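Heads up, the thing below is written out as structure tokens.
The values are calculated or read from the model by the stated rules, or taken from the named source; none is laboratory data. If you're wondering where the values come from, they're calculated on a predicted model, not measured in any experiment. Here the Cβ is made from the backbone with ideal geometry for all residues, glycine too, and neighbour counts use every protein chain on show. The area values use the complete protein model at the heavy-atom level, side chains included, leaving out ligands, DNA and RNA. Shrake-Rupley method; radii C 1.70, N 1.55, O 1.52, S 1.80 Å.
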Amino acid sequence: MSPTAHVALRTPPGKSALATFAIIGPGAFEIATQLIRPQSMKTIAYDYSGPHYGFFGHDPTDDVFLARRPGSSPPIIEVHCHGGPAMVEGLIQQVIDRGACRTTWQEFEILAGKTLIEVESLEALSKATSLKASAILLDQQSGALEKLADQAIQLRDASLLDESLAWARLGLHLVEPRRVIVYGEHHVGKSSHLNAQAGLHRANVS
């Protein structure tokens, strides 16, 4: 764990109704409690478990929910705020002004204890284009590939990994679908062929 607090945006950038950013590392709790004024006016305990509603920041100020990720040590403090880009950036900058370093969500997950494989599977999952791809990537997130690697090391059997690597090219297309060109003269059935391959009506044919 880095000796410095880090802050990262946890939701995709852009305009939205809500957004989440999080602070991790030494001083994360102190920074968060310096910036929030709970509506209940009660002091927030270091080991609190439930979310707190209140006003976060000074300029700008937003009404937010502050939550601690269960079981995190040192704490991971999540701030659920309104999603306007200017508002989110203003709140994050106030956290940085109090000593935190900005980081990417991928680096944040490494700091939170996830392995590189878990982080890469999360990144791929955010780009998945089908339910089947999502299911396979969730297996990776659950440690399927790491378990296979551990088994190969314990048994000293590299063929286990070779068999897995044979699926590598297919795996790459879970998040980067193949691009296919349907080429031909006018009115020869390109759109009908596309609809037949897709199994549904995707192109107008009449």
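General remarks:
- Verdict on Gln151 being open to solvent by 50 Å² or more (accessible area, probe 1.4 Å), at pLDDT 80 or above, polar (S, T, N, Q) and within 30 Å of Leu174 (Cα to Cα): yes
- Restricting attention to region 157-206 and to residues that are of a type in the set (D, E, K, R) and at pLDDT below 85, the residue that is nearest to the chain's Cα centre (by Cα) turns out to be Glu176.
- Check on Leu174, open to solvent by less than 70 Å² (accessible area, probe 1.4 Å) and either aromatic (Phe, Trp, Tyr) or part of a helix (DSSP H, G or I) (or both): no
- Verdict on Arg102 being open to solvent by less than 60 Å² (accessible area, probe 1.4 Å) and basic (Lys, Arg): no
- Unique residue being open to solvent by less than 40 Å² (accessible area, probe 1.4 Å), of a type outside the set (Lys, Arg) and modelled with pLDDT of 90 or more when the list is Ile36, Ile44: Ile36
- Only one of the listed residues (His193, His173) is farther than 30 Å from Glu120 by Cβ and not basic (Lys, Arg). That residue is His193.
- All of (1) in a helix (DSSP H, G or I); (2) open to solvent by 90 Å² or more (accessible area, probe 1.4 Å); (3) at pLDDT 85 or above hold for Lys132 with one exception: (3).
- Odd one out for Gly83, checked against (1) farther than 23 Å from Glu109 by Cβ; (2) open to solvent by less than 10 Å² (accessible area, probe 1.4 Å): (1)
- When Ile92 is tested against the conditions (1) touching a residue at least 60 places away in the same chain (Cβ under 8 Å); (2) under 19 Å from the mean Cα position of the chain (by Cα); (3) open to solvent by 50 Å² or more (accessible area, probe 1.4 Å), the lone failure is (3).
- Residue check: Leu161 meets all listed conditions (1) touching a helix residue (DSSP H, G or I) at 6+ places or on another chain (Cβ under 9 Å); (2) open to solvent by less than 60 Å² (accessible area, probe 1.4 Å); (3) among the aliphatic types (A, V, I, L, M) but one, namely (2).
- Here the condition is being in contact with a Ser or Thr (Cβ under 9 Å, 6 or more places away or on another chain) and more than 18 Å from Ile23 (Cβ to Cβ); of Leu161, Leu170, Leu131, Leu137, it holds for Leu137 alone.
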